[in-house]
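Peer 1: Sharing a structure, written as structure tokens. Questions coming.
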Amino acid sequence: NKNNKISSFLTIQEGCDKFCKFCVVPFTRGPEYSRSFYKIIDEAKQLITNGAKEITLLGQNVNAYLYEEEGKSFRLSDLIIALEAFSELKRIRYTTSHPIDMTDDLIECYNKSKKLVPIIHLPVQSGSNKILKLMNRKHTVENYLSICEKLKKINSKIEFSSDFIISYPGETNEDFNDTLNLVKRIKFINSYSFIFSPRPGTKAANLELISEKISKDRLKTIQKILFNHQINKNKSFVEKKDY
């Protein structure tokens with residue numbers, strides 16, 4: 001675990017079982033594996049003793065965390081509540097999440113926890129249900145919006161960041177416009193957007209690519225909107241002392 005005193009990273013989960021068609025993680029990192037709840041808490045204690053005020057829980061699919069021992073099951077929400085009890089710890093974060101593992105018990109943490117930072121990195125990848133299905137993302141735009149609405153209802157301060165793959169094979173102008181509409185609706189405060197790049201060994205590796213010009217134009221368009229949202233949010237914090 002990396003520890004730079006104030007802010008520390010703690011791995012709780014590795015691998016992924018989702019098999020999105022563009023992603024190599026299930027092949028390179030293997031199936032989902034969750035570390036012992038008790039070992040994680042012990043490591044967190046050590047990090048806090050060493051001066052950590054903020055801990056970020058890490059996993060390729062962090063909110064799929066599930067550890068079972070002696071008939072007990074522990075999820076990410078249980079880790080967050082356990083960490084909440086350490087008075088010296090001031091902030092809790094986690095990354096990266098998958099929408100289908102954004103369960104009600106985790107959502108409820110944003111109501112219960114005073115230390116869970118109200119910024120969620122929740123990759124959507126596309127705003128088109130057709131493209132999401134082609135990607136094998138296992139969620140729809142409607143699912144995603146429902147999660148965002150539930151979270152905002154619990155805590156109006158919650159903000160979202162995301163990942164977007166632009167020009168995934170089969171993406172039409174209409175599909176791309178659906179993604180733009182989602183971006184305008186959610187107003188993500190920080191996001192990563194990339195033109196689709198085939199990864200050897202994945203199911204999407206041999207699909208027909210969209211032209212470079214169209215892809216670059218789309219990327220430029222979405223990044224302009226995403227950047228404007230980020231700038232506007234940053235400006236809203238000027239001269240404020242706390243969040």
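The values are calculated or read from the model by the stated rules, or taken from the named source; none is laboratory data. Keep in mind the model is a prediction, meaning the values are calculated, not measured. A quick note on method: Cβ atoms are made from the backbone with ideal geometry, for glycine too, and the neighbour counts reach across all protein chains shown. Only protein heavy atoms, including side chains, enter the accessible area calculation; ligands, DNA and RNA are left aside. Shrake-Rupley method; radii C 1.70, N 1.55, O 1.52, S 1.80 Å.
Peer 1: Quick query: amide H of Ile166 versus all other amide H atoms, modeled in the peptide plane; which residues come in under 5 Å with a sequence gap of 5 or more or a different chain?
Peer 2: Amide H neighbours of Ile166: Phe194, Ile195, Phe196.
Peer 1: I've got another one for you. Can you return the lysines within cross-link range of Lys157? Criterion is Cα-Cα under 26 Å, with same-chain partners fewer than 8 residues away left out.
Peer 2: Filter leaves Lys53, Lys90, Lys112, Lys114, Lys115, Lys184, Lys187, Lys224, Lys233, Lys235, Lys240, Lys241.
Peer 1: Give the angle, between 0 and 90 degrees and rounded to the nearest 10, that separates the Cα long axis of helix 141-154 from the longest principal axis of the Cα atoms of the chain.
Peer 2: The angle comes out at about 40 degrees.
Peer 1: Suppose every K and R has +1 on its Cβ and every D and E has -1 on its Cβ; what is the size of the dipole of region 93-155 about the Cα centre, in Debye to the nearest 20? Don't skip to the answer; put the middle values down first.
Peer 2: Values: 11 positive and 6 negative charges, 34 e Å.
The calculation lands at about 160 debye.
Peer 1: Would you list, by chain and number, the aspartates and glutamates whose Cα falls below 13 Å from the Cα of Lys45, excluding same-chain residues fewer than 8 positions away?
Peer 2: List returned: Glu54, Glu84, Glu88.
Peer 1: Can you return the lysines within cross-link range of Lys203? Criterion is Cα-Cα under 26 Å, with same-chain partners fewer than 8 residues away left out.
Peer 2: Those lysines meeting the cut-off are Lys18, Lys21, Lys130, Lys133, Lys138, Lys213, Lys216.
Peer 1: Normalise the Cα radius of gyration of region 8-159 by 2.2 N^0.38 Å (N = residues in it) and let me know the number. Show your work: numbers first, answer last.
Peer 2: Values: Rg = 15.8 Å, N = 152, 2.2 N^0.38 = 14.8 Å.
That ratio works out to 1.06.
Peer 1: Per residue, how much accessible area does the chain have with a 1.4 Å probe, in Å²? Spell out each step's value before the answer.
Peer 2: Details: 13080 Å² over 243 residues.
Normalised by residue count, the accessible surface of the chain is 54 Å².
Peer 1: Starting from the amide H of Asp17, placed 1.01 Å from N in the peptide plane, find each other amide H under 5 Å away whose residue is 5 or more places distant or on another chain.
Peer 2: Glu32
Peer 1: Hey, got the dipole for region 1-151? About the Cα centre, +1 on K and R Cβ, -1 on D and E Cβ, debye to the nearest 20?
Peer 2: Numbers: 22 positive and 18 negative charges, 119 e Å.
Dipole size: approximately 580 debye.
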